[in-house]
Structures are given as structure tokens and as C-alpha cells.
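The values are calculated or read from the model by the stated rules, or taken from the named source; none is laboratory data. Since we're looking at a predicted model, the values are computed, not measured. Cβ: placed from backbone, ideal geometry, glycine included. Neighbour counts: every protein chain shown. Note: accessible area is taken over every heavy atom of the protein model, side chains too, but ligands, DNA and RNA are not part of it. Shrake-Rupley method; radii C 1.70, N 1.55, O 1.52, S 1.80 Å.
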Amino acid sequence: MSQPVETGERRGDEVREPVAVDSVHALSRQIGREVELAGWLDNKRSSGKIAFLQIRIAGGVVQAVASRAELPAADWEQVERATQESTVRARGMAKEDRRAPGGVEIQLRGFAVLHLTQDFPITPKEHGTAFLMEHRHLWLRSARQRAALRVRSEVEQGIRDFFYERDFTLIDSPILTPAACEGTSTLFETDYFGDKAYLSQSGQLYLEPAAAALGKVYCFGPTFRAEKSKTRRHLMEFWMVEPEVAFLEFDGLCRLAEEFVCALTARVLDRCREELKALERDTSRLEQVAGPFPRVTYAEAIELLRQAGAAIQWGDDFGGDEETLLASRFERPLLVTHFPASFKAFYMQPAPDNPELVLGLDLLAPEGYGEIIGGSQRIHDHDLLLARIEQHHLPVAAFQWYLDVRRYGAFPHSGFGMGIERFVAWMCGLTHLRETIPYPRMLYKIYP
């Protein structure tokens, strides 16, 4: 970097070196000091005498102002030379400026291009979705994508904090499993030294034994569904958080789901205002998210749908259209409960007043985002669970370890699962899940 005649700040006879900063947050603590940072040129505007540089570092973008009259000639040439996504180093005085991104602006005293980028493929002009997905590794650098991924990061940290503060223990459930949680029709199968194994579609079965050991547990990791579905609500690989709680029965499970969603929504509103603004998210709907949520039974939901003109019969499962239509009748998330056992998983506890129904719940987000949580009270009676496994034509031998949980110290317990991508899409107001995960895996799409 070309240097002025005198570098750093002078304090008496002492010259202070610039403070190295590596994030927007760190920069905000250095107002009035000379700083140095390295990053990428997000954008540049220049009048020929004054240039405004948007430099991307951890946590966001920093605005740096370069004056031709005040910079050494060699450094000004570097400013003019810098192109979109060039790697740069900047040095200057950090000053408070409410108009600048992050509220801090740098008055440049030195500038250098470390790597000059030529012909960056993603420009401010409009690009088609197919093109952007082929360049997902570069599309991540755009303002909207950065904002969505920061919201995702905040949601994930909020999930961990929520359960940690409530004395849950994190259980890392396996990704390779010998048995299916809900049948094998939507599983990715692989060879495991001559035996069949599957990529996990849920950590739930492994959490239930852990609940007997630790009381309150959760897992949080990638899950896989080989569904040949090409909709905005489906990915082949997604991240799911699943709590499981010993001695928690159905009403308590509904309250836990409500509390969880309310806590995460409040956290996003509190800590991601700038990101939501960048995404042009109307936050007024999110601000209405407060418990208790409205609740309807499956039978009541069918009646509401039929009144709205849906061609659905009792015993049919909900699709995306039915979820959207149903949730649109309410301002807040909606809890639907007491589903027919005929299309629900084998492990769900029958309703005490009607064994044809199960104590299951779906939590539907408003604004067309559909189901974000699904859960149930689990069967804790050994013989009933065995009968259900047989009714679903599942291999009993593969579930002996799961039956052991009922054989040795049976206990009522409940849990749910929430797909992170659907929740993030709702928070951000995004129309497709592909923007909620760094590298989406979609039907026939695995590059990059």
C-alpha cells in the first residue's frame, strides 16, 4: 500500500499504529481512531474527485470515503482501479455517521488493491434464477443473500440459546441409520459394508432413548428427504431442530411449540432489523406473533376448508394449498391438532377419546408459508407400539432397540421437529427455500 509521509496517529512524539479491525462490530468501537481493514469492494461511486467505496467485511458493509486531494496519488490510482469484488485493504479515520451502513464511515488515508477482479459474473443487472443458482457460490455475496444468511445464523443461535436456557441437553443423532423413521419411500439409500443404510430423515427415534437418560434433549442437524417434489417449500437436504421431553404430554407440547416460535420471532425482530430492511420484509405481520396461538382440530380445519371452497374430504392430508388457505383465515400462526391416524406416523399416541385420531400437531405459519412445525405425543406402551409397527409393515427386528425404551422404564413423552429453512423463509419474507440455505439441494440440482 502506498503510504503517506507520516503513518498512524501522532500522540505527542509517539506514532500510534492503525487499529486492525475485522468486523463491523469491532469497527463501531473505534470511533475517532485510525483503523485498517481488508475486505472486498461491494460497490463504488466516484465523481473523479471524491469516491464512496462500499467494503464488505464480517458483519456487513463499511463505507469508506476517498478524497483525491487528501490521498497520496498512488493510493488514489488504486481507488480508481478497483473493480467490483476486488480484494482491497483500506486505512483511515473511523468517524460516526448515521447515514453510513453500520453508522460508521472511514475517511481514507491509504488504499490498496490486493487482487483485481475482472468480469465478475453477477452484476447489478437482472439475472435469471437458473444463472444465479449455477453461480450460487458467488451469488452469496449479494446484499439480499447475505441478509438472509445472517437471519438464518441468528435463528440458529436463538435455537441453541432457547434450549440451553431451559436445561435441554444437545444430542448429536446419527446421519446414517439402519431404519426409517416414517417408511423408506422418501429415503436416500446407501451401502453400509453390504448392509442397507439410509441418510437420516429425522433424529427423533434416537432422541427418545436419550430423553430417558437426560430428561430434556434436542438434536439439530441436517436431514434428508428423497421426495420428488419441485416446489418452493421443499429441499432434498435441510436442517431440522427436534426437542424431545420426558413426561411432557400433548397440551404441554403445544405450549412449548408456541413459546419456541414466539421467542425466535422476537429475537429476529430485535437483532435483525437491518437485515429485514435489506430484504424489504414487512415486519408488521411478524410483530403480531404472540401466544396463545389459535387452535383448531383436524375436523374443524376440514370444515373451514370446505366452507372456503376446497375440495377436501375427511381423511385427506393437507397439501400446500390447503395449508395456505387455512392459515390465511388467521393473523397469527395456527395450531392444527388431532389428526387421523391413517396418514400419520406409526409412533403417535392415540387420542384418549378416539383411537382413530392421534395427539399430533401441525403449526402453520401465516402469509402462505405453511407447516413449520410438526410433532406429537409418542406412544409409550410397548404392545401398542409393536402393533403399530406391524400395521405399518415395518421390520420389527430393526426397531427392537426402539421398543426397548418402552420395555425398560416406559414414560410419556412428546416432541416436535421444525425445518429451519421454512422458518427462515417466513422471517425473511422469501418466496423460495433455495435462498435460506447456503447451498440448496433441490430435485436434480446438486451443483455447486
Trypsin sites (Lys or Arg not before Pro) within segment 264-324: which are DSSP loop residues with at most 16 other Cβ atoms inside 10 Å? Arg285
If you take every residue apart from Ala310 with its C-beta less than 12 Å away from the C-beta of Ala310, what net charge results, scoring Lys and Arg +1 and Asp and Glu -1? -3
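Just list whichever of Lys228/Lys277; Lys44/Lys95; Lys216/Lys344; Lys95/Lys125; Lys125/Lys445 have alpha carbons separated by over 26 Å in the model shown.
Violating the 26 Å Cα-Cα cut-off are Lys228/Lys277; Lys95/Lys125.
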Cα-centre dipole for the chain with unit charges at Cβ (Lys and Arg positive, Asp and Glu negative), debye to 20: 1480 debye
Per-peptide average of other Cβ atoms within 10 Å, ordering 415-425, 72-82, 163-173 highest first: 415-425, 72-82, 163-173
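Local charge sum around Arg232 (other residues, Cβ-Cβ under 12 Å, Lys/Arg +1, Asp/Glu -1)? Intermediate results must be reported in sequence, preceding the final value.
Numbers: positive: Lys230, Arg233, Arg422, Arg434; negative: Glu421, Glu435.
So the surrounding residues net to +2.
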Over segment 326-448, with every protein chain in place, what whole percent of the accessible area is carbon and sulfur at 1.4 Å, could you tell me? 54 percent
Using +1 at the C-beta of Lys and Arg and -1 at the C-beta of Asp and Glu, which of Gly215, Ala100, Ala179 has the Cα lying farthest in the positive direction of the dipole of segment 89-230? Ala100
Taking the simple approach of a point 7 Å from Cα along Cα-to-Cβ for both Gln400 and Asp316, what is their distance in nm? 4.4 nm
Once the Cβ-Cβ distance between Ala213 and Arg329 is put in as r, and R0 is 56 Å, what FRET efficiency do you end up with, to the nearest 0.05? 0.85
Of the accessible area of segment 195-280, computed with a 1.4 Å probe and all protein chains kept, carbon and sulfur make up a percent value of 50 percent
Kirkwood radius from Cα pairs of segment 183-311 plugged into Stokes-Einstein at 25 °C, 0.890 mPa s, gives D in µm²/s equal to 132 µm²/s
